[in-house]
1. Inspect all residues belonging to region 284-306 and state whether any of them is within 16 Å of ligand 1 (Cβ to nearest atom), of a type in the set (D, E) and in a loop (DSSP other than H, G, I, E, B).
2. Looking at G302, G307, G228, which is the one that is within 30 Å of G190 (Cα to Cα) and either outside the structural domain of K47 (by TED's automatic domain parsing) or of a type in the set (D, E) (or both)?
3. Do we have P245 as assigned to a loop (DSSP other than H, G, I, E, B), assigned by TED's automatic domain parsing to the domain that holds G384, open to solvent by less than 30 Å² (accessible area, probe 1.4 Å) and away from ligand 2 (no atom under 16 Å from the Cβ) here?
4. So, in region 92-139, how many residues would count as being touching a Phe, Trp or Tyr at 6+ places or on another chain (Cβ under 8 Å) and closer than 17 Å to V226 by Cα?
5. With respect to V277, is the statement that it is within 16 Å of ligand 1 (Cβ to nearest atom), touching a helix residue (DSSP H, G or I) at 6+ places or on another chain (Cβ under 7 Å), open to solvent by less than 20 Å² (accessible area, probe 1.4 Å) and touching a residue at least 60 places away in the same chain (Cβ under 8 Å) true?
6. Output the qualifying pairs, or none if there are none: Cβ atoms under 8 angstrom, residues six or more apart or on different chains, first residue in region 420-435 and under 20 Å from L406 (Cβ atoms), second residue among the basic types (K, R) and at pLDDT 95 or above.
7. Of the residues that sit in region 126-140 and are more than 15 Å from G173 (Cβ to Cβ) and touching a residue at least 40 places away in the same chain (Cβ under 8 Å), which one is farthest from the chain's Cα centre (by Cα)?
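The values are calculated or read from the model by the stated rules, or taken from the named source; none is laboratory data. These numbers were taken from a predicted model, which means no experiment stands behind them. Don't worry about glycine lacking a Cβ; one is built from the backbone with ideal geometry, like all the others, and counts go over all protein chains shown. We work out accessible area using only protein heavy atoms, side chains counted, and drop any ligands, DNA or RNA first. Shrake-Rupley method; radii C 1.70, N 1.55, O 1.52, S 1.80 Å.
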Amino acid sequence: MAKKKVISALLTAGLVLSVNGAYAQGPVSGAPNQNAASAFDNKIIKKINADNMYNTVAYLSEVPRQAGTPGELRGVQYIEGKFKEYGYETEIQPFKIYSAIRNNVSGLLEVGGQDLKPYVMTGSYSGDVTAEVVNVGLAKAGTVPDSVKGKIALIERGDITFVEKIQNVFDKGAVGVIMYNNTGTSNGFGQAAYGQNIPAVSITRAQGLALVDQVKNGPVTAHIKVTGSGMEEKTSYNVIAKMKPNKNKDTGQVVMIGAHHDSVPNGPGANDDASGVSAVLELARVMANMPIDTELRFVTFGSEELGLLGSYHYAGTLSDEEADKIVAHFQMDMIGSKDAGGDNKANGLIMYTIDGKKNLVTDLASAAGARTALGEIVPYGQLGRSDHQPFHELGIPAALFIHSPLEPWYHTPADTIDKIDKQKLQETAEIVGASVYQIARPDTPALEHSRVAPQPVDYDFENRPPGA
Ligand code: BES
Ligand code: ZN
């Protein structure tokens with residue numbers, strides 16, 4: 001992490017020497033206006049074309065891109081094809097995802113000839129077992145008796161997760177699970193995980209306590225039958241494109257630009273997040289032939305909508321050494337909606353960090369906002385909910401670029417191409433492009449090459465919840 005710390009320290013001190021070059025141009029007499037784009041910015045921003053981005057969004061949003069479906073794969077292939085066309089070294093990184101199947105689910109739990117009409121836990125294995133019932137309490141690790149082998153485990157809800165409880169008895173050889181509630185009168189709760197191949201049903205607290213009593217008074221046999229339920233394994237993907245600098249001009253550092261390509265199940269996801277993908281591809285296009293001394297790494301993640309699974313998978317594949325080389329992660333998620341952002345300044349654009357603190361990414365991009373199409377300093381706030389999270393957890397300066405408040409179409413079938421605003425796409429792509437190039441352009445100590453001293457801009461924290 002040493003290099004990153006040095007960069008941050010320089011930024012804080014307003015002394016950005018060899019790594020980042022100028023921010024905004026300082027107000028020195030006879031010098032360019034502080035909001036003016038530099039020659040370096042122009043190399044990038046003059047080439048960014050919103051029509052290209054719009055066309056990408058149009059193509060990707062023709063079908064939903066739910067993770068693990070052919071729609072995702074169609075998007076993945078399109079994205080990789082574009083990266084290749086621009087001359088990048090690409091990789092499609094597959095990873096497994098699991099989802100519950102519920103297909104005319106039915107569940108039976110017979111004890112002493114009576115059906116307790118249980119709830120079938122989400123993702124429960126389908127099966128038919130008859131065995132003695134063993135009360136294993138909360139089923140915490142290390143407390144489950146060996147005697148549950150070949151038997152049905154009676155478990156009380158609470159303290160640890162459903163999946164942990166089921167795993168603990170599964171590991172001891174139990175053939176079925178009956179879980180009873182720790183409060184109230186409901187029996188509808190619980191979920192099982194992939195590979196837990198025993199039927200798991202839930203019952204009310206009253207039913208459970210009655211069963212606990214029966215088991216205390218002598219052996220009790222139960223019959224569990226579950227049909228139509230299970231877990232499905234599918235494959236989702238990350239798409240990675242790299243451009244390495246010339247060996248004789250290489251800082252050894254990496255800057256990352258990301259978005260997620262998956263959508264929610266029935267959403268075409270034009271803004272969420274074909275918009276971010278479109279800017280990733282457009283920046284890859286315009287930066288492909290630029291001189292750089294820092295590796296550019298463009299990534300689109302799969303399964304973001306399932307809990308940031310793609311970005312966590314990607315982050316998990318990085319060695320400590322590789323993670324240490326990454327100096328910044330720019331995440332663009334929902335950057336093109338006509339209907340987002342309200343009346344807020346900067347056209348509604350905001351940069352969210354996980355800890356609510358400024359970092360290298362927000363410092364560069366806020367200033368870039370002032371000297372590119374947007375023409376305004378960009379505020380920042382605190383929020384997770386996207387793929388900047390795993391990078392932050394690795395100690396990498398990261399931020400989410402988004403318009404807030406959100407549009408009403410968020411996660412609906414109405415998140416379609418007609419709601420996309422080319423101007424918003426253009427503004428955000430310019431900001432991220434100018435910021436990235438400030439890091440990646442060959443070492444240009446601003447104090448030597450610029451007529452004016454670099455000057456970090458002052459920008460504000462906004463407590464602006466995104467809504468929805
Ligand atoms: N694009 C949204 C992220 C988002 C939504 C950011 C609202 C800021 C405000 C993203 O695709 C999403 O929907 N994320 C999930 C969380 C994720 C961990 C499953 C969400 O926010 O519900
Ligand atoms: Zn999103």
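1. At the first step, the residues of region 284-306 found to be within 16 Å of ligand 1 (Cβ to nearest atom) are 299-306.
Retained after the next criterion (residues that are of a type in the set (D, E)): 304-305.
So of that shortlist, the ones also in a loop (DSSP other than H, G, I, E, B) come out as none.
Checking region 284-306: not a single residue is within 16 Å of ligand 1 (Cβ to nearest atom), of a type in the set (D, E) and in a loop (DSSP other than H, G, I, E, B).
2. None of the others qualify; the one that does is G228.
3. Details: assigned to a loop (DSSP other than H, G, I, E, B): yes; assigned by TED's automatic domain parsing to the domain that holds G384: yes; open to solvent by less than 30 Å² (accessible area, probe 1.4 Å): yes; away from ligand 2 (no atom under 16 Å from the Cβ): yes.
When the stated conditions are applied, P245 passes them.
4. As a first pass, look at region 92-139 and keep what is touching a Phe, Trp or Tyr at 6+ places or on another chain (Cβ under 8 Å): 92-95, 98, 107, 119, 121, 123.
If we keep only those that are closer than 17 Å to V226 by Cα too, we end up with 107, 119, 121, 123.
Count: 4.
5. Values: within 16 Å of ligand 1 (Cβ to nearest atom): yes; touching a helix residue (DSSP H, G or I) at 6+ places or on another chain (Cβ under 7 Å): yes; open to solvent by less than 20 Å² (accessible area, probe 1.4 Å): yes; touching a residue at least 60 places away in the same chain (Cβ under 8 Å): yes.
When the stated conditions are applied, V277 passes them.
6. I420/K338; D421/K338; K424/K338
7. Kept after step one, since they are more than 15 Å from G173 (Cβ to Cβ), are these residues of region 126-140: 126, 128, 130, 135, 137-138, 140.
If we keep only those that are touching a residue at least 40 places away in the same chain (Cβ under 8 Å) as well, we get 126, 128, 130, 135.
Working: S126: 32, D128: 38, T130: 43, N135: 40 Å.
So, considering only residues that are more than 15 Å from G173 (Cβ to Cβ) and touching a residue at least 40 places away in the same chain (Cβ under 8 Å), the one farthest from the chain's Cα centre (by Cα) is T130.
A quick yes/no check of all residues on (1) within 15 Å of ligand 1 (Cβ to nearest atom); (2) open to solvent by less than 30 Å² (accessible area, probe 1.4 Å):
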residue	(1), (2)
G310	yes, yes
E322	no, no
G336	yes, yes
N347	no, no
K357	no, no
T362	no, yes
S366	no, yes
Y380	yes, yes
